[in-house]
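See structure below.
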């Protein structure tokens with residue numbers, strides 16, 4: 001009998017393990033529920049915590065408990081007719097936010113159909129992208145009116161969903177990693193920035209702070225700096241005046257040069 005129980009326990013363990021690819025246990029930290037990718041050891045955001053559901057402003061983290069946040073949702077495997085089938089899974093329902101900020105270090109998300117991260121009960125809410133995501137990355141098909149703030153070019157003729165309204169953000173944070181890569185954005189009108197972004201990460205470097213120029217001379221003063229008020233031309237067309245902010249890095253001392 002004892003031997004049968006051991007065998008049954010082993011079979012159950014194998015079954016449960018096969019049901020969650022890159023999944024494992026669910027954890028809660030701050031505003032988030034998450035899993036750890038068993039292969040990369042990176043964080044996969046899978047839902048909001050009780051606190052997160054109540055927040056008016058949501059900012060996606062870059063790190064949780066020392067691990068990189070790179071993914072929204074996780075791939076859950078099912079066995080159907082003896083064949084493996086995957087389904088990208090998460091549950092962000094119950095949120096009430098009116099602003100949500102994505103950083104550009106999020107690299108994957110295929111969660112849709114009501115489970116996705118765009119599940120706020122607010123009628124209209126703002127979504128801020130650190131870069132413009134396309135295809136199956138982060139572009140949602142939720143039938144709500146979204147106002148996007150982004151920093152890349154877009155061919156609007158290719159966008160078929162009439163519920164989208166795309167706007168250029170006037171505050172842009174650059175990775176400043178010898179490329180033109182952007183990290184975060186905001187949109188302000190004669191105010192301080194709405195949120196201070198989470199610290200970015202870069203392999204082989206330590207993040208020092210946010211600065212007003214690429215050379216990292218003057219640190220950006222979040223407490224006192226006022227983003228210029230928006231200006232419009234004679235035909236009431238918005239004139240974009242970008243406030244550019246740059247990450248400053250220090251090479252890790254143990255890196256081989």
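What follows is calculated from the coordinates using simple rules that are stated; it is not laboratory data. From a predicted model like this one, the values you see are computed outputs, not experimental measurements. Virtual Cβ from ideal backbone geometry, glycine too; neighbours counted across all protein chains shown.
Results, tabulated for the structure shown:
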item	result
Two-site FRET efficiency, residue 206 against residue 93, from Cβ-Cβ distance with R₀ of 41 Å, rounded to 0.05	0.60
Ratio of Rg to Rh over region 171-257 (Cα coordinates, Kirkwood Rh, two decimals)	1.06
Per-pair calculated FRET efficiency, R0 = 41 Å: residue 253 and residue 229 via Cβ, rounded to 0.05	0.40
